[in-house]
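The values are calculated or read from the model by the stated rules, or taken from the named source; none is laboratory data. Just so it is clear, the model here is predicted, and its values are computed rather than measured. No Cβ is skipped: glycine too gets one built from the backbone with ideal geometry, and neighbour counts run over all protein chains shown.
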Amino acid sequence: MTGPRVSQHTATPHDSLPEPRSDLSAREYAELGIFAAQQVTMRLTELVEGFDDIAMKRPSLLPGWSRGHVVTHLARNADALVNLLTWARTGVEHPMYTSRADRDADIEEGSYRMASLLREGLDAAVSRFFEAVTHMDDIAWAKQVMLANGRQIDACVVPWMRWQETAVHMIDLDAGVGFVNLPDGHVELLLDMVVREFSKRPDVPPVRLRVDLPDGRQRDWELAGNLLGKDSTGVGGPAPAVLAWLIGRGDGSGLAGELPSLPAWL
């Protein structure tokens, strides 16, 4: 497999997050995200529990990052999202990070800690996040907060941010867990988000995706479907393999069709 086609260590673009659904209240939408985040967090915790000091120092799928970097990032991300929840609940501005430089320094410093400390730090941060969601009320879930990139979102999207971050970076640990191991329905949700993001970008070639979902259904997506007059390339295969190829965690081996060159999943 070639290296991941990503240019940032966070590697989970906020523009691809799910939009709040009109048929659900902000609380109901948040609760779905909380449940999804809890499902992948349990799998992440089991995985990281098996890392000793040597395993934690091994390379991840992210260029220049060890597994320790990824675990530290997941812990700091949980705390950053607690800041957003606190902002929504109190009305007092709590940025995700004090600065990008401080965020990067924290991850680099944390990556060199002993495996036991990294596990404890991740567990504590995860606990803070899931404790924070219990203090949110209907009004707070509907409030808007600002991401580090300046984008404003409804607070009810925050649990979905944590879900996406955990699901993708768990695979980045390169520890025998792939998208095929995600809970039922999670791969389809991730595909929805990735396709929506890619379809907004002019650097993505038009591609027709025919995807075999884990539950036996077949579903079609179009990348860059708004580019009228351009011929589309057809690509098909199992959902986990298609997703891994789209976001640069797989080289597309086993997929049907001529695979076009895709840009990094920013």
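Summary of values
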quantity	calculated
Among the candidates Val194, Val168, Val204, residue that is of a type in the set (Val, Ile, Thr), touching a residue at least 40 places away in the same chain (Cβ under 8 Å), in a loop (DSSP other than H, G, I, E, B) and crowded, with 16+ Cβ neighbours inside 10 Å	Val204
Which numbered condition Asp106 fails, given (1) over 15 Å from Asp172 (Cα atoms); (2) at pLDDT 95 or above; (3) in contact with a Lys or Arg (Cβ under 6 Å, 6 or more places away or on another chain)	(2)
First in the range 223-236 and more than 13 Å from Leu259 (Cα to Cα), second anywhere and loosely packed, with under 12 Cβ neighbours inside 10 Å and at pLDDT below 65, Cβ under 9 Å, 6 or more apart	Ala224/Lys230
Any hit, the range 224-245, residues being among the polar types (S, T, N, Q), over 23 Å from Gly64 (Cβ atoms), at pLDDT 90 or above and loosely packed, with under 15 Cβ neighbours inside 10 Å	no
Hits in the range 50-64 (condition: out of contact with any Asp or Glu (no Cβ under 8 Å at 6 or more places or on another chain) and either within 19 Å of Val40 (Cα to Cα) or surrounded by fewer than 23 Cβ atoms within 10 Å (Cβ to Cβ) (or both))	Gly50, Phe51, Asp52, Asp53, Ile54, Ala55, Lys57, Pro63, Gly64
Residue that is within 25 Å of Arg249 (Cα to Cα), among the β-branched types (Val, Ile, Thr) and surrounded by 13 or more Cβ atoms within 10 Å (Cβ to Cβ), where the choices are Thr86, Thr72	Thr72
Count of residues meeting criterion [of a type in the set (Gly, Ala, Ser), surrounded by 15 or more Cβ atoms within 10 Å (Cβ to Cβ) and at pLDDT 95 or above] in the range 122-152	4
